[in-house]
Amino acid sequence: MTRFQPFLIILGIAALIAAPIGQGNYIVYTLCSWLLFSIAAMGLNLTLGYAGQVSLAQAGFMGIGAYITALMTLAGIHWGIAVIVSIVSSFAVGLLLGYPALRVQHHFLAFVTLAFNTLLFLVLRNEEEITGGSFGLSGMERPSFFGFSTDSNIAFYYFSLVCFLVAAFALWWILRSPWGRSFKALRENPVRAESLGLKVRRQTLLAFAIGSAFGGLAGALQAPLVQFIEPSSFALVHSLKLLLMVVVGGSGFFFGPMLGAAVVILLPEVLRFTEGYYLMIYAFLVIVLMVYSPSGLIGLGQKLVEKLKPKHEARRDLKQGVQL
């Protein structure tokens, strides 16, 4: 960490605190969506960017968290208890889903997680007695803590911001723990990691489970934010959107998912002044970025910084040797 990074982090948190002030309900709602999708993308970045495991099921874990939270809060259970159950349940399901990762890798693993997301979507749609089927669930109340209510959009934004900061700190701690270093070794070279004594199977399962738990937290926030959930909100297309967030922002970079979520969630809103052309412009910008900077926006920024840095050239007389 450079000496300027703590200052930039404090400046960024201050900007997030000031962002909703004076804004309308729609802008505040959009900012809340960015925060919860950033949490889900952070979990996927841990699985994909640090552990090197491709997953297309992150929206499914959001669905698990959202439906558990919705069912429990509708039954009169406080959100604080529901979110713990949602995170633990997502962790457990991620642990079970991680077992196929022991035998398959890369695009084969993507097919396994794709099948899981599709299966979960069908279960949510067909089990009408529990999930409400295609009609979904509605009427979830927003949580209150010690007399502080989050009913208003701006209050729920600050509540989501606290959850976002806690999740970001948890990810920061994980990445600097022995687990995080093991995940990076697993991504770079599984064979070499195993030769150094790392238990590859355990680390793969752990990466899946922890990343899934982040998705469960995001889903637990989505249920009271929207106050209506239905199966198509957690279909495969949303898992692809989360994957796009990680790749566009910068896979394997700590701030990559946050930046990628801002691009995917906020950029279309900025481009709406172009009316019917904004989706075309948005898609074109994403394609250009992926062609010229596969490492995402943060990777592109690092390349620009390297080019702008003054280069130190070796003395030519030293290259040629001392002439006697």
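Here are some notes:
- Per the listing ALA155, ALA235, the residue uniquely under 19 Å from the mean Cα position of the chain (by Cα) and among the small types (Gly, Ala, Ser) is ALA235.
- Qualifying position, being more than 22 Å from ARG201 (Cβ to Cβ), in a helix (DSSP H, G or I) and aliphatic (A, V, I, L, M), among ILE39, ILE77: ILE39
- Residues that are surrounded by fewer than 18 Cβ atoms within 10 Å (Cβ to Cβ), more than 22 Å from ALA75 (Cα to Cα) and of a type in the set (A, V, I, L, M) within region 126-173 comprise ILE154, ALA155, VAL162, LEU165, VAL166, ALA170, listed in sequence order.
- VAL54 under 19 Å from LEU109 (Cβ atoms) and assigned to a loop (DSSP other than H, G, I, E, B): yes
- Against the test of being of a type in the set (A, V, I, L, M, F, W, C), at pLDDT below 95 and closer than 20 Å to CYS32 by Cβ, the options LEU206, LEU242, LEU236 yield a single qualifying residue, LEU242.
- Qualifying position, being under 23 Å from PHE254 (Cα atoms) and surrounded by fewer than 22 Cβ atoms within 10 Å (Cβ to Cβ), among SER38, SER90, SER33: SER33
- One residue from PHE145, PHE164 being touching a helix residue (DSSP H, G or I) at 6+ places or on another chain (Cβ under 9 Å) and modelled with pLDDT of 95 or more: PHE164
- Any hit, region 119-138, residues being under 30 Å from LYS199 (Cβ atoms) and over 17 Å from the mean Cα position of the chain (by Cα): yes
- Applying the criterion of at least 2 residues that are at positive phi and surrounded by 20 or more Cβ atoms within 10 Å (Cβ to Cβ) to the helices (runs of 4 or more DSSP H) found wholly in region 218-270 leaves an empty list.
The values are calculated or read from the model by the stated rules, or taken from the named source; none is laboratory data. In this text, all values refer to a predicted model and were calculated from it rather than measured experimentally. FYI the Cβ positions are ideal-geometry reconstructions off the backbone, even for glycines, and counts take in every protein chain you see.
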